[in-house]
Number of protein chains: 2
Amino acid sequence: MTIDTDPTFRQATRDDLPELIRLFADDSIGGHGDTTDPAALPLYESAFAAIEASPNDLLFVGVVGGEVVATAQVTFITSLTGRGTRRMAIEAVQTRADMRCKGIGARLINHCLDIARQRGIALVQLTSNAKRPDAHRFYERLGFEKSHAGFKLRLEPVRAST
Amino acid sequence: MTIDTDPTFRQATRDDLPELIRLFADDSIGGHGDTTDPAALPLYESAFAAIEASPNDLLFVGVVGGEVVATAQVTFITSLTGRGTRRMAIEAVQTRADMRCKGIGARLINHCLDIARQRGIALVQLTSNAKRPDAHRFYERLGFEKSHAGFKLRLEPVRAST
């Protein structure tokens, strides 16, 4: 694998939001309905504010030549199991279509793993859509074990009155 | 399915910890190395304190006849994808061995889903060990779709100096 780009990784800022939205809007497989329509911007702004305010979440961007070309969100979860295991869950991993196969995604995940090690995390976990066999091989090459099945249930949200 | 018990669900308190540890220690498939050895208690106490302090985590117990017979932890995660989706991740689901097949687990998950609906959550997710086909059918009966593969990576923790 040739790495002909040199990404740097840092936490996302509010100014990265338009480029982040474009990354997600370009993802056809995930089918999350993301859009660069300005009418949706307040929803993304609100989500960004929630992530920024959460003590247990970090949103990373990978930058090449001043442009955001990759992203991943990590969530720290402490659970009782495993004598009180501290986990890192990785979500919303994306690399810009024209920047794939350059090792940027692997560096991004390794950046997350470095953060995990620094924080004494024992277990890193993520799920990947069954429609992405390439992604599954990618995670296995990075040392992940496909030991679990990932289940999702979409709810029709009913806003609470409180 | 006969429901011959009538569980109630509430958030766990510190006093539930010994019964919770026993639930996890009895889980042979998960292989998380849980133990009722008193020497490990401080680890569980520390984890419980972290969960209690987290604004994004809730730890539930199911109680029958004054005894903790089931538990699940939920973590709320806001992500940018899906125009700012608010997710609930369910972790560490257990029902005491002698209380299985009584519908308690289904009620516990439905309790989590009720909380999700109250909070306007759009997506509920969990992973289940590939060695638990019964659990997979259980989640599918509850409406979950096995759309993803779940990857785990164990790290040797290195405590950060900062």
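What follows is calculated from the coordinates using simple rules that are stated; it is not laboratory data. For clarity, every value in this text was computed on a predicted model and none was experimentally measured. Every residue, glycine as well, gets a Cβ built from its backbone with ideal geometry; the counts of neighbours run over all protein chains shown.
Could you bin all the Cα-Cα distances of the protein assembly as shown into 10 Å bins starting at 0 and give me the percent of pairs in each, rounded to whole numbers?
Here the calculated profile for the protein assembly as shown is 5, 25, 35, 23, 9, 2, 0.
Rounded to the nearest 5, what % of the DSSP beta bridges within the protein assembly as shown are antiparallel ones?
Given both bridge residues lie in the protein assembly as shown, the antiparallel proportion sits at roughly 90 percent.
Counting Lys and Arg as +1 and Asp and Glu as -1, each charge on the Cβ, what is the dipole of the protein assembly as shown about the Cα centre in debye, to the nearest 20?
Numbers: 40 positive and 40 negative charges, 108 e Å.
Dipole magnitude for the protein assembly as shown comes out near 520 debye.
Suppose R0 equals 30 Å; then what is the FRET efficiency for B:Glu19 and B:Leu142 from their Cβ-Cβ distance, rounded to the nearest 0.05? Please list the in-between numbers first.
Numbers: r = 25 Å, r/R0 = 0.82.
Here the calculated transfer efficiency is 0.75.
Just counting partner chain Cβ atoms within 10 Å, what average do the residues of peptide A:120-126 show around their Cβ?
Details: counts 5, 5, 4, 6, 5, 8, 7.
Mean inter-chain Cβ contacts per residue within 10 Å come to 6.
For each pair in A:Lys102/B:Lys146; B:Lys131/B:Lys152; B:Lys102/B:Lys152; A:Lys152/B:Lys152; A:Lys102/A:Lys152; A:Lys102/B:Lys131, compute the distance between the two Cα atoms and list the pairs where it is over 25 Å.
On the way: A:Lys102/B:Lys146 31 Å; B:Lys131/B:Lys152 14 Å; B:Lys102/B:Lys152 31 Å; A:Lys152/B:Lys152 17 Å; A:Lys102/A:Lys152 31 Å; A:Lys102/B:Lys131 35 Å.
Table pairs above 25 Å Cα-Cα are A:Lys102/B:Lys146; B:Lys102/B:Lys152; A:Lys102/A:Lys152; A:Lys102/B:Lys131.
Would you pull out the residues with amide H under 5 Å of A:Thr78's amide H, same chain only if 5 or more places away, H placed 1.01 Å from N?
Correct list: A:Arg87.
Considering only DSSP states other than H, G, I, E and B, which trypsin sites (Lys or Arg not before Pro) in the range B:56-159 qualify as loop sites with at most 16 other Cβ atoms within 10 Å?
Values: sites: B:Arg83, B:Arg86, B:Arg87, B:Arg96, B:Arg100, B:Lys102, B:Arg107, B:Arg117, B:Arg119, B:Lys131, B:Arg137, B:Arg141, B:Lys146, B:Lys152, B:Arg154, B:Arg159; in loops: B:Arg96, B:Arg100, B:Lys102, B:Lys131.
Of the trypsin sites (Lys or Arg not before Pro), the ones in loops of the range B:56-159 whose Cβ has at most 16 other Cβ atoms within 10 Å are B:Arg100, B:Lys131.
Using a basic spin-label model with each label point 7 Å from the Cα along Cα→Cβ, how many nm lie between B:Ala122 and B:Thr35?
With each label placed 7 Å out from Cα toward Cβ, I get 4.5 nm.
Mind jotting down the distance between the C-alpha centroids of the range B:53-87 and the range A:7-72, whole Å?
So the two Cα centres are separated by 25 Å.
Using Cα-Cα distances under 8 Å and only pairs 6 or more residues apart, what relative contact order does chain A have, in percent?
Details: 193 pairs, mean separation 32.4, N = 162.
Rounded, it is 20 percent for chain A.
Mind checking which of A:Ser147, A:Ser79, A:Ser128 has the largest fluctuation in a GNM of chain A, springs on alpha carbons under 10 Å?
Checking each option, the largest mean-square fluctuation is seen for A:Ser147.
Size of the dipole of chain B about the Cα centre, Lys and Arg at +1 and Asp and Glu at -1 on the beta carbon, nothing else charged, in debye to 20?
Values: 20 positive and 20 negative charges, 168 e Å.
Dipole of chain B, to the nearest 20 debye: 800 debye.
May I have the convex hull volume per residue, in Å³, for the Cα set of chain A?
Once divided by residue count, the hull of chain A is 154 Å³.
Looking for one value pair here: nearest-to-axis residue in chain A (by Cβ) for the rotation onto B, and the distance in whole angstrom.
Closest Cβ on chain A to the axis mapping it onto B, in Å: A:Gly150, 2.
If each label sits 7 angstrom from Cα along the C-beta direction, how far apart, in nm, is A:Gln118 from its counterparts in the other copies?
With the label placed 7 Å along Cα→Cβ, A:Gln118 yields 3.8 nm.
Please check: in the Gaussian network model of chain A (C-alpha springs, under 10 Å), which one of A:Ala53, A:Ala89, A:Ala72 has the largest mean-square fluctuation.
A:Ala53
Check every DSSP H run in chain B and write down those whose alpha carbon atoms cover 20 angstrom or more along the long axis and whose mean Kyte-Doolittle hydropathy is -0.5 or greater.
Values: long enough: B:104-118 (21 Å, 0.27).
Taking the DSSP H segments of chain B (at least 20 Å long, mean hydropathy at least -0.5), we get B:104-118.
Lys/Arg Cβ at +1, Asp/Glu Cβ at -1, dipole of chain B taken about the Cα centre: which of B:Thr127, B:Thr35, B:Ser54 is farthest positive-ward?
Of the options given, the answer is B:Thr127.
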